[in-house]
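Report on the structure given below.
Nothing in this text is a laboratory measurement; each read-out follows from the coordinates by a stated rule. Not measured: the values here are computed from a predicted model. We place every Cβ from the backbone using ideal geometry, glycine too, and count neighbours over all the protein chains shown.
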Amino acid sequence: MNAPKKKSTKKTLEKSNDESLREHVTYLLEGGGAHAKFDDVIEDLPPNLRGTKPDNFPHTAWMLLEHLRLAQRDILEFSRNSKHVSPDWPKGYWPQTEAPPSDAAWNKSIQQFRRDLKYMQELVADPKTNLFAPISWGDGQTILREALLVADHNAYHLAQLVDLRRLLGAWGV
């Protein structure tokens, strides 16, 4: 009696590789592993420290939060909207003030960051999204490149937020 043939077609392997890549990139976007997660870094930061700039440190928590949000939003919109126009660099990627104008503005920025991160994760996870095809309105960028850019940029600035919180005595307390 012959054993049943195993499915080991190239198409099955490619699908497996594709799914695996999407899972890895989505995980990377979420944070964790070797990177701090957004919610862990941002939670419980006292309101009186959100606009405080430590000595010899270039940013406040508000400046970093807004920069994260604005840059991530720009990358997401570029990735999915051919009519998107990026803000002027660097002015359009940083807030105009060192402190949030209100607790509501702080909370809104957090919610918008989370929402756009979720949208980028959904774009990557969608099997209809070709991660490798050049974005037709770009100059060689791909969705994979843009997703990795978001993950890298977020990790860098979240680490700055951790440093800022340490300098302010508001980390690991």
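Kirkwood hydrodynamic radius of the chain, from the reciprocal of the average inverse Cα-Cα distance over all distinct pairs: 17.9 Å. In the chain, the longest principal axis of the Cα atoms and the axis of helix 143-167 are about 30 degrees apart. By how many degrees, 0 to 90 and rounded to 10, does the Cα axis of helix 103-125 deviate from the longest principal axis of the chain? The helix 103-125 is inclined about 10 degrees to the chain. For the pair the stretch 148-173 and the stretch 21-72, the centres of their Cα atoms are 5 angstrom apart.
Sites listed here are trypsin sites (Lys or Arg not before Pro) in the stretch 69-123 whose DSSP assignment is loop and whose Cβ has at most 13 other Cβ atoms within 10 Å: 83. Largest mean-square fluctuation among 88, 116, 74, in a Gaussian network model of the chain whose springs join Cα atoms under 10 Å apart, belongs to 88. Among the chymotrypsin sites (Phe, Trp or Tyr not before Pro) in the stretch 95-132, those located in a DSSP loop and surrounded by at most 16 other Cβ atoms within 10 Å of their own Cβ are 132.
If you place +1 on the Cβ of every Lys and Arg, -1 on the Cβ of every Asp and Glu, and leave all else neutral, what size is the dipole of the chain about its Cα centre, to the nearest 20 Debye? Before the final figure, lay out the partial values.
Working: 23 positive and 23 negative charges, 163 e Å.
For this selection, approximately 780 debye.
Farthest toward the positive end of the dipole of the chain, out of 82, 35, 156, is the Cα of 82, where the dipole comes from beta carbon charges about the Cα centre. Placing pseudo-labels 7 Å out from each Cα toward the beta carbon at residue 16 and residue 88 gives an inter-label distance of 5.4 nm.
Which number gives the lysine pairs in the stretch 24-173 that have C-alpha atoms under 28 Å apart and are eight or more places apart or on different chains? Taking the Cα cut-off of 28 Å, the pair count is 15.
Using a simple spin-label model with pseudo-atoms 7 Å out from Cα toward Cβ, residue 34 and residue 163 lie 1.8 nm apart. Considering only GluC sites (Glu not before Pro) in DSSP loops that have at most 15 other Cβ atoms within 10 Å, the longest stretch of the chain without any of them is 99-173.
Suppose every Lys and Arg Cβ carries +1 and every Asp and Glu Cβ carries -1, with no other charges. What dipole size does the stretch 85-173 come out with about its Cα centre, to the nearest 20 debye? The dipole of the stretch 85-173 has a size of about 220 debye.
Using only the alpha-carbon atoms, how far is helix 61-80 inclined from the longest principal axis of the chain? Give it as 0 to 90 degrees, nearest 10. For helix 61-80, the angle is close to 30 degrees. Taking square-rooted eigenvalues a ≥ b ≥ c of the alpha carbon gyration tensor, is the stretch 28-104 rounded, prolate or oblate, where a/c under 1.5 means rounded and, failing that, a/b exceeding b/c means prolate? Oblate.
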